[in-house]
Every structure is written in C-alpha cells, then in structure tokens.
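Okay, structure first, notes after.
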Amino acid sequence: MKKMILFAAAAIMAFGASAQMSLVKDLAKKAASNDPMELATALEQIEPALTNPESAGDVLTWYTAGKAAFGLYDQMLALKSLGQPVEESEMGEVLIAAFDAYQKGLPLDTIVEVDKKTGQPKLNKDGSKKVKTKYSKEMIDVMIGHLGDIANLGNIYWGKEDWANAANAYGYFADLGSSAFAAANNVAQPDSTIAEVRCFQGFALFNTKDYAAAFDAFSKAIALGYTANNISVYHGAALGNIVEALVKDNKYNEANVKVDNAIKMYPDNSTFYDLKGYIVENEKGNEDAFGYYEKAAQLGPDHADAQYYYGRALAIKADGIINAKENENATTAELLPKIKPVYEQALVYLNKAVQLNPAMNEAQGLIDKIKYLLYGE
C-alpha cells in the first residue's frame, strides 16, 4: 500500500460545492467497504472536500472521512494480527486522522426537524428549532471502541519523541475517556488515569512549545489530584514562558490577567507569585514587586527560585538605599547601618537558594558581591 499523508492541506479543486458534496456522497459508499484499497482511495479522493468551505461545513464530509479512516485502520490491524507486513507509522497516521475527522464532524451533526405536512421546521417551546443528530451515536461508539488504540498510539509517539502526535493522541483519549458518552457506555476511565494522561499530554505540548495548551493540560491533571512527575514545576514553567513572551512585548495587562487568574486558582503556588513579581518589576520597578517576591519565598521555602528572587529583591532594595538622593553625600560609615541589615537578610535567602540548587550561579554571584561589599571577602 502506498504511503499516504492524510488530510494534508490540498488545493481546492476547480469545481463547486455541489460537485464536492456529490463526490462525498459517492465516496460514502466506498467508506463502508472492507477492502483496504477502496478505503485508502476514499481517503485520498475526499481531501479536496475537506478544504472546500461549503463541503467542510457538512457533517457528511467528516463522517465519510472518519468512517474510511477507521475502516482502514481496522483492516490494517487485522492484517497485522495475521502476521502480514503493515506500515505501523501509516497505521498511526490513519488512526489520528480518523479521530480528527469524527471530532470535527460531531459539532456539525445537527439536523433541523421538519413537519412533513407543512415543510416548516418544528419548534421547541421556547421558539427555537428542534434538531436531531444523524451520525453522532455511531461516531461516538466507534471512537469509544478505539480508546485503547489511541492511548497506545500516544505511547508509541512519545517513545519516538513525536510530541505533536503524542499530544493529539493523549488529548483524544482524555477527552473521550472522561466524557458523558463514555460514562453512558460504561467505559469511562478513572480520574487517576485521565489525570496521568493529561500530565503526559502537557509534557508533549510543552515540548512543542505550545505553552498555553500545556498549561491547560497540566491544570486539568492537577484538578484531578495529580502531583507526580514534578508537574507543578512544569505547570509554572508553562505559564512562565507565556508571561515572558508577553512582558517582552510590553503586554503587561494581558500578562497580569493570566497570572492573577492562576493565583486565584492556585493561591499556594509560589511560582505564580514570582511571576507576578516579574511582571510588576518590569512594569513598575522592584519596590512595587517586592511584596510578591516576599510572598513567593514564604510559600516556597524549598523552592530555589523563590528564595533567590526574594534575596535578589532585598539586594536591589539595599542598592536603592545607597543610590537614594538623600544618601548621595553619605559616607560608608553612615550608610553601613542602613544597608547591612538588608544585605544580610538577602544573604539568608540567597544562601538558601544555593543550598537548594548548587548550580544556581546567579545566586552565588550575588552572594560573592554582597560579601565583598560588606566584609571585603
């Protein structure tokens, strides 16, 4: 079977939507075949309909594509079980495409009920049109029947460090495995399983640098009680990357909203207070950020970053005393009583940071600078 790149962006063919839908209806018959070559042909030929704006908005298009893809996957799996040579990478590609098609088709599966006598839409009591679905039950049943396959595929992609496909596979499993549809079919997955899969979805997304989606996946895992695999570190790092980019573009309001929401949801997370301090420091200065760094250090006694940033904030505060206008003519003897307590407090936190993370060179560098200033060491 020749190699396929399924559902890639294809040029819209030079015939209209009615012709596209006519093609889809013809291909729907092939999609019901048990012949792998027929199914593969249906998948290739339906590509233009997936990009045509009109046909892409019709559930039949996605239903047909998904049915052909699931059918082809099942046929390939059967061949593999019989010891026949099957391209495993192609199997994975087909399964991802199948889930993708059905997921895109489900929201489109609404058919307005029509009164047979009048030809007018039937109405609900509130005046809205009555709708029903035509393909949803079958699509959901088929996806549920392939839950184990998509979870296993996620693990395969993870092993290959194909992070984007791993994230897709894990996402499909977690979305469907925790859905009302799965519960109704007695195949809903335990919260502990969903949480772990969400965590690995987050890791995969983090590796693709889709930090917003990674943060969302980690949040869902944490909401289900997941605490393993340093998830809180990666959770904070995902938001940190988002905030850093926003601050770089001077989008302080947007950065503040994201971090304030995170603090509201996770009020005991020291990393989020550090991020708040980072935003405020860049926008307004150390004095306004000081309280956030202090709060982070209080919440994270075992977090090297939290200890470092508060120690750094104290050092900057002492530097500010030295550079204050009222002290511009002060002697060292006059300044020392003012700055020594602040610098020494800074050393407490900076030393703790190095103790927690001996590789934190920036903290050690600041320690050396303060010691030289105070003690000439």
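None of the figures in this text is laboratory data; all of them are computed from the coordinates on show. Computed from a prediction, not measured in an experiment: that's the story for all the values here. Glycine gets a Cβ as well: all are built from the backbone with ideal geometry, and neighbour counts include every protein chain shown.
For helix 163-177, what angle does its Cα long axis make with the longest principal axis of the chain, in degrees from 0 to 90 and rounded to 10?
Taking Cα atoms only, the helix is inclined about 70 degrees.
Provide the gained length on full extension for the span residue 54 to residue 351, in nm with one decimal, where the gain is 0.36 nm per separating residue minus the Cα-Cα distance.
My answer for the length gained is 100.5 nm.
Taking amide hydrogens as modeled 1.01 Å from N in the peptide plane, which residues meet the under 5 Å criterion relative to residue 114, leaving out close sequence neighbours?
122
Return the Cα extents of the chain along principal axes one, two and three, sorted largest first, each rounded to a whole Å.
Result, largest extent first: 96, 58, 45 Å.
Can you tell me the 0 to 90 degree angle between the C-alpha axis of helix 270-284 and the longest principal axis of the chain, rounded to 10?
Taking Cα atoms only, the helix is inclined about 70 degrees.
If I model a spin label as a point 7 Å beyond the Cα along the Cα-Cβ vector, how far apart are those points for residue 253 and residue 26 in nm?
Simple spin-label model gives 5.4 nm for this pair.
Using the Karplus curve 6.51 cos²θ - 1.76 cosθ + 1.60 with θ = phi - 60°, what ³J(HN,Hα) values do you get for each residue of the range 249-263, in whole Hz, with x for Gly and Pro?
Computed from phi, the couplings for the range 249-263 are 8, 6, 9, 5, 4, 5, 5, 4, 4, 5, 6, 4, 5, 5, 5 Hz.
Answer with one residue from 291, 169, 55: the one whose Cα lies farthest towards the positive end of the charge dipole of the chain, charges on Cβ with Lys, Arg +1 and Asp, Glu -1.
Highest projection toward the positive end goes to 55.
State, to one decimal in nm, how far the label point of residue 186 lies from the label point of residue 324, with both points 7 Å from Cα in the Cβ direction.
According to this spin-label approximation, the distance is 7.4 nm.
In debye, nearest 20, what is the charge dipole magnitude of the chain about its Cα centre with +1 on Lys and Arg Cβ and -1 on Asp and Glu Cβ, if you could check?
That gives a dipole near 1040 debye.
Among rounded, prolate and oblate, which fits the range 244-296 when a ≥ b ≥ c are the square roots of the eigenvalues of its C-alpha gyration tensor, a/c under 1.5 means rounded, and a/b larger than b/c means prolate?
Since a/c reaches 1.5 but b/c is at least a/b, the shape of the range 244-296 is classed as oblate.
In the range 226-333, which trypsin sites (Lys or Arg not before Pro) fall in coil by DSSP and have 16 or fewer other Cβ atoms within 10 Å?
Here the trypsin sites (Lys or Arg not before Pro) that fit, given the DSSP loop and packing criteria, are 251.
Choose one of 123, 255, 136: the residue whose Cα lies farthest towards the positive end of the charge dipole of the chain (beta-carbon charges +1 Lys, Arg; -1 Asp, Glu; about the Cα centre).
Comparing the listed Cα positions along the dipole, 123 ranks first.
Out of 311, 70, 234, whose Cα points farthest toward the positive end of the dipole of the chain (charges: +1 Lys, Arg; -1 Asp, Glu; placed on Cβ)?
In the chain, that residue is 70.
State, as an integer percentage, the relative contact order of the chain based on alpha-carbon contacts under 8 Å between residues 6 or more apart.
Dividing the mean separation by the residue count of the chain yields 7 percent.
Which pairs break 19 Å Cα to Cα here: 338/371; 25/117; 295/317?
25/117
Quick one: angle between helix 59-81 and the longest Cα principal axis of the chain, in degrees between 0 and 90, rounded to 10, please.
Roughly 90 degrees between the two axes.
Using DSSP to call loops (not H, G, I, E or B), can you name the trypsin sites (Lys or Arg not before Pro) in the range 123-205 whose Cβ has at most 10 other Cβ atoms within 10 angstrom?
In loop regions of the range 123-205 (DSSP not H, G, I, E or B), the sparsely surrounded trypsin sites (Lys or Arg not before Pro) are 125.
Between residue 111 and residue 138, what is the label-to-label distance in nm when each label sits 7 Å out along the Cα-to-Cβ direction?
Spacing of the two 7 Å Cα→Cβ label points: 1.0 nm.
Note the direction-averaged projected area, equal to a quarter of the hull surface, for the Cα convex hull of the range 301-377, in nm².
4.9 nm²
If I stretch the segment between residue 82 and residue 193 completely, what's the gain in nm (0.36 nm per residue apart, minus their alpha carbon distance), one decimal?
36.8 nm
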